[in-house]
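Written out below as structure tokens is the structure these notes cover.
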Amino acid sequence: PACGCGNFLVIAYRELRLLELEILRATQKSGKQLLQVDTLLKLNVDSFYGMELEEFPAQIAQVAMWLVDHQMNLLASEEFGVYFARIPLETAATIIHGNALQMDWREVAPAEEIDYVMGNPPFIGHQWQTPEQRKEMQACYRHSKKSGRMDYVSAWYCKAVDYIAGGEIKAAFVSTNSLTQGEQVAPLWKELRSRGPAHIHFAHRTFRWANEARGKAAVHCVIIGFGAHEEKTKRLFVYDDIDGEPHEITAQNINPYLVDAPDILVESRSKPISPVAPMVRGSGPVDGGNFLLDEKEKEELIAAEKSAEKWIRPYSMGNDFINGIPRFCLWLKNCPPQELRKMPRVLARVKAVKEMREKSANKETREFAAKPTLFMTDRQSKSDYLAIPQVSSERREYIPIGFLPADHIAGNMLFTVPNATLYEFGVITSLMHMSWMRAVCGRLESRYRYGARSAYNNFPWPQNPTKKQTTEIKTAAQSVLTARATYPDSTLADLY
């Protein structure tokens, strides 16, 4: 399904034909004479099926199968000294021009005649899907209401599990690695298992697949091989370097996170499972950039309107926080109208926010145009807080985390824990929590994408820690802060 120009079909057919030649070569060495090669070559292109949305690639796939068949026939002729060609062409691969998500695969190829389903279906994040693709996703996810957050490629898993049910077909798809990370894992595998058994037989963990086409970026992929039946030997391919070669591990069980562990799903939670303070996403301006200032813009605004200084606050997104980039924002909460009118430059920015929101395609944004002095989402802590960047480099052993004062506005790429103490800082920045984060959080490309609903709310905090244990954690946490203070001119990016 989603065969494109037939590359996977062509390579599979070529490799099977090479195996067939190897068998015939071994037969010849055993002393048996091959009288009629044409009758001994059993493999043909009519054992292959494909579905492709675009008409031209579907036609190319059909022709490509004939071409590789001809190449392999020439190789067989050379091998055994007997000319062999299938001319005229009497058989063909079955390549259907159509939408694989809207078709019944059993009508294309009866499941009892098929051994393998494989492919590289399209990866499209939920935010990039067309209305038609969203409808297709909803149709494929019969038992889950969370299809709207899933990558498009996941729909092929739903179709495949239906197709292979009750049989021994083996399926495998190249997929975006987001299917094995963060909030997509539980909805996908709950949906699959609501339809029937789905056991992972082999898997390649994240690797970078570079497309040779000009202008195409490398994508971070996994390969998941699965079936309705269990396999005795399960093979896990691990990459120490995502651009390097994998090494194979024999696993007792491969779970949906591609870990040799039981099939436990970490679901998205709105509240922590442990009795700890909630983690909150920072505030979102939705302002078209009009509230935000760099250091030069801040100085220019204050020079022109001295009274604006009291309404300017330090502001950070995740990257600013890690790299120590000074940024600021207009925080006009509780600013009296008469004072606002005395600051024409600030007022001009407020009017620009209003106009930007009025033109938005989002209904909620348009409605919030009536409050143009305010951030659209205000989750700012009233006390000092712990700041956790949502995205950070996978090359770091620890996510850089730290404390910020209440008047420092946290943007929506920071998570915050208000009123956090050294104890919370110590646990969250611990190697244990970092290991947990790597296992259950998603990725942005290969970078860590911390999730409050996945990592923080599901993290099993120490239960009823003793005073001694708490003190030890606080002491260790303070040691981290003391070490940082030794380098006052260094950013967290420098230190980590």
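The values are calculated or read from the model by the stated rules, or taken from the named source; none is laboratory data. None of these values were measured; they are calculated from a predicted model. Methodologically, a virtual Cβ is constructed for each residue, glycine included, from the backbone with ideal geometry; neighbour enumeration extends over all protein chains shown. Side chains included, ligands, DNA and RNA excluded: accessible areas come from the protein's heavy atoms. Shrake-Rupley method; radii C 1.70, N 1.55, O 1.52, S 1.80 Å.
The ellipsoid that matches the Cα gyration tensor of region 326-383 has semi-axes, each √(5λ) in whole angstrom, of 19, 17, 11, with the longest given first.
Each 10 Å bin, from zero up to the one with the longest distance, holds this percent of the alpha carbon pairs of region 1-99: 16, 44, 26, 12, 3, 0. Separation of region 132-193 from region 286-361 is 44 Å, based on Cα centroids. Net charge in the neighbourhood of residue 184 (other residues with Cβ under 9 Å of its Cβ; Lys, Arg +1, Asp, Glu -1) is 0.
The mean accessible area for residues of region 56-208, using a 1.4 Å probe and ignoring ligands and nucleic acids, is 49 Å² per residue. For the chain, relative contact order (Cα pairs under 8 Å, six or more residues apart, normalised by length) works out to 11 percent. With the simple spin-label model, which puts each label point 7 Å out from Cα in the Cβ direction, the residue 463 to residue 360 separation comes to 4.4 nm.
Kirkwood radius and radius of gyration were both taken over the C-alpha atoms of region 237-328, and their ratio Rg/Rh is 1.24. Sorting the segments 156-169, 482-495 by their mean number of nearby beta carbons within 10 angstrom, highest to lowest, gives 156-169, 482-495. Against the chain, whose longest principal axis is taken from its Cα atoms, helix 131-140 shows a tilt of about 70°. Across every pair of non-identical alpha carbons in region 203-287, the mean reciprocal distance, once inverted, gives a Kirkwood radius of 16.6 Å. Temperature 37 °C, viscosity 0.692 mPa s: under these conditions the Stokes-Einstein estimate for region 359-429, based on its Kirkwood radius over C-alpha pairs, is 231 µm² per second. Place a label point 7 angstrom from the Cα of residue 379 along the Cα-to-Cβ direction, then list the residues of region 450-492 whose backbone nitrogen is under 14 Å away. Residues 450-457 qualify, since their backbone N sits under 14 Å from the label point. Dividing the radius of gyration of the alpha carbons in region 292-405 by their Kirkwood radius gives 1.02 for Rg/Rh. Judged by a Cβ-Cβ distance under 4.7 Å, the unpaired cysteines of the chain are 3, 5, 221, 329, 335, 441. Against the empirical 2.2 N^0.38 Å (N residues), region 399-470 has a Cα radius of gyration ratio of 1.19. Of interest is the spacing of the C-alpha centroids, which for region 37-73 and region 11-28 amounts to 16 Å. Across the accessible surface of region 344-482, with the other protein chains kept in place and a 1.4 Å probe, carbon and sulfur atoms take up 53 percent. Computed from the C-alpha gyration tensor, the three semi-axes of the ellipsoid equivalent to the chain are 55, 28, 21 Å, from longest to shortest.
Calculated accessible area for region 254-397 comes out at 55 Å² per residue, all protein chains present (probe 1.4 Å; ligands, DNA, RNA ignored). The orientation-averaged projection of the convex hull spanning the C-alpha atoms of region 78-219 amounts to 12.6 square nanometres. Sites listed here are trypsin sites (Lys or Arg not before Pro) in region 36-129 whose DSSP assignment is loop and whose Cβ has at most 12 other Cβ atoms within 10 Å: 42.
If you take the alpha carbon atoms of region 154-245 and fit the smallest convex hull around them, that volume is 115 Å³ per residue.
For region 114-163, taking the reciprocal of the average inverse distance between every pair of different Cα atoms yields a Kirkwood hydrodynamic radius of 11.4 Å. If both residues of a DSSP beta bridge must be in the chain, then about 75% of such bridges are antiparallel. Determine, from the Cβ-Cβ distance of residue 79 and residue 145 and an R0 of 45 Å, the FRET efficiency 1/(1 + (r/R0)^6), rounded to the nearest 0.05. The calculated FRET efficiency here is 0.20. Taken along the Cα-to-beta-carbon direction at a fixed 7 Å, the label points for residue 39 and residue 193 span 5.3 nm.
Among the listed pairs 135/190; 306/342; 351/371; 271/363, a Cα-Cα separation exceeding 18 Å is found for 135/190; 271/363. For the pair residue 134 and residue 259, a Förster radius of 35 Å applied to the C-beta separation gives a FRET efficiency near 0.70, rounded to the nearest 0.05.
Taken over the C-alpha atoms, region 280-326 has Rg and Dmax values of 11.9, 36 angstrom.
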